[in-house]
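Read the structure below first, then the notes.
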Amino acid sequence: MQRHGYEASVAASGGAVLEMYHDYDLILLDADLPDLDGVSVCEIIRRTSDIPIIGFTAEAAEVDRVLLLESGCDDCVQRPYRARELVARIKAILRRTGTLRRAGARDGGADPDRLEFGTLVIVPSRREVELENVPLALTRKEFDLLHILAAEPDRIFGRQELMCEVWDYPEDNRITAQASRTIDTHVSSLRSKLGNSDWITTIRGVGFRFGVSAPEPAEAGSGADGARAAGGSAGGGPVPLRPRLVRLRSG
């Protein structure tokens, strides 16, 4: 969450959520909690607050999704989920509820969508990249490619997927040698401008991934703990996601 401009605190229970939520901008709330169920927590919060809430349910729990939405959740996400989709949903809800504007005014106009990796800063809303406080001149496609990789730094992107995402390549068309060279050319150019080839790692025979990140607490999708946070477990079965309270971080 930190990479995307948010500070997230984990609440141990539904009761903890009710004690803490006043100081935050958004709540990520699972339907299954150790004390109160997610529906009850949402109903209690809605009596006094319109804070945005995203509910989480197991894949087959349609009834839970309906109950969460009826109790006041702004959106629901099925576990397991992709980090990129969750961030997009968070941004959409914050825009829709006006939370982004309020937080921007509160923090002096900070960019809530900025991505930070040590000395590398990416601001998607302004399509700007800085390295060690020095602006980088990237082409439109170079920026798009870097943004897609950096938005999910723990994920490997195949060549076909990158061609579809960045160059609008037809999904049902097999990638050509020329298209593959296009990716290689842009990756090479990005590595040169970033001054270190380790920023983008080549996974031989598979694709590419973002290769350097600033240390931070484990997030969804990273190791065994990440699998549990994303709604999976080492044994493959979904487990509850502990509630997280999210605050927009000033930059």
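Coordinate-derived values only; no laboratory data. Everything numeric in this text was worked out from a predicted model, so none of it was measured. Neighbour counts run over all protein chains shown; Cβ positions are idealised from the backbone, glycine included.
What is the packing order of peptides 38-44, 69-75, taking the mean over residues of other C-beta atoms within 10 Å and listing the highest first?
38-44, 69-75
Inverting the mean 1/r over all pairs of different Cα atoms, compute the Kirkwood radius of segment 45-86 and quote it in Å.
Across segment 45-86, the inverse of the average 1/r is 10.9 Å.
Give the dimensionless ratio obtained when the Cα radius of gyration of segment 119-210 is divided by 2.2 N^0.38 Å.
1.05
For segment 119-210, what is the charge dipole size about the Cα centre, in debye to the nearest 20, if Lys and Arg each add +1 at the Cβ and Asp and Glu each add -1 at the Cβ?
Charge dipole of segment 119-210: 260 debye, to the nearest 20.
Can you tell which of Pro153, Ser125, His186 lies farthest toward the positive end of the dipole of segment 119-210, using +1 and -1 charges on the Cβ of basic and acidic side chains (Lys, Arg; Asp, Glu)?
Among Pro153, Ser125, His186, the one farthest towards the positive end of the dipole of segment 119-210 is His186.
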